[in-house]
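Where a number appears in this text, it was derived from the coordinates with a stated rule and is not lab data. The shown structure was predicted, so the numbers you read here are calculated from the model rather than taken from an experiment. Cβ sites come from the backbone with ideal geometry, for glycine too, and all protein chains shown count toward neighbours.
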Ligand code: CA
C-alpha cells in the first residue's frame, strides 16, 4: 500500500507539470491534471491530502477552481502557484480559499516542505486531542498515543501539565505560569520540575524542552 500523501497537481505548463510531479514523487503520490476542468473533476472524484493549483489554467482558472471546491465544501488544503507575487494577488488567492501560495519560479524543495507542512496539519488530531510532537494526547482519557500504537497512561496532573504546553507549542512557560495553569493551589514551583521529570520518564526526554533560565516548552517527541 502506498502511504505517501496523495497530491493532485493542476498545472498546464507542459514542461513544469511533469517536472514538478517527478520532483515531488519521492515524498508524495502525485497525479497531474493539465487544465482547470480536469483538475476540478479529479479534485472532487477522489480524496486528496493536498492540491497544488496553478493560478493561470485553461478552461477554468486556478482561482475559480479553488472557489468552486470551497463552495462545494471541500476542505482539502490548497497551495496556489502564481506567477504574480504582488500583495493584492496573494490576498486574492487566500481569499478564494487557498491555504498557501508560492510565486513562480519556485524551488522544488520549498514546495515539498510546504506540502509536508500542509499535509501534516491535514492529519491533525481529532477534536479535543492535542499533538505532542508526533504523538497525541487525549486530555479526556489522559492517554498519550503514538501513530505506531504505543499508549502511555498519564496521571491527572501529568496530563494537565502536558495539555497546557501542547495547546501553545511555540510558547515558553515559566514555572509560575505552569503552576497556576496545571496544578492544584498550594503546590510549590518544584512540583513543576517533578512532573516534567515524570512525563519524560514515562515517554522520552524530548517530550518537554527545558529553556534554561526561563522555564519549559513542548518538545519534539517522535
Ligand atoms: Ca499556467
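Scanning region 13-48 for residues that are closer than 18 Å to residue 108 by Cβ and within 16 Å of the ligand (Cβ to nearest atom) yields 13, 14, 15, 16, 17, 18, 19, 20, 21, 32.
Residues that are crowded, with 17+ Cβ neighbours inside 10 Å and more than 24 Å from the chain's Cα centre (by Cα): does region 68-82 have at least one? No: region 68-82 contains no residue that is crowded, with 17+ Cβ neighbours inside 10 Å and more than 24 Å from the chain's Cα centre (by Cα). Residues that are within 22 Å of residue 19 (Cβ to Cβ) number at least 3 in the following strands (runs of 3 or more DSSP E) confined to region 51-141: 78-82, 100-103.
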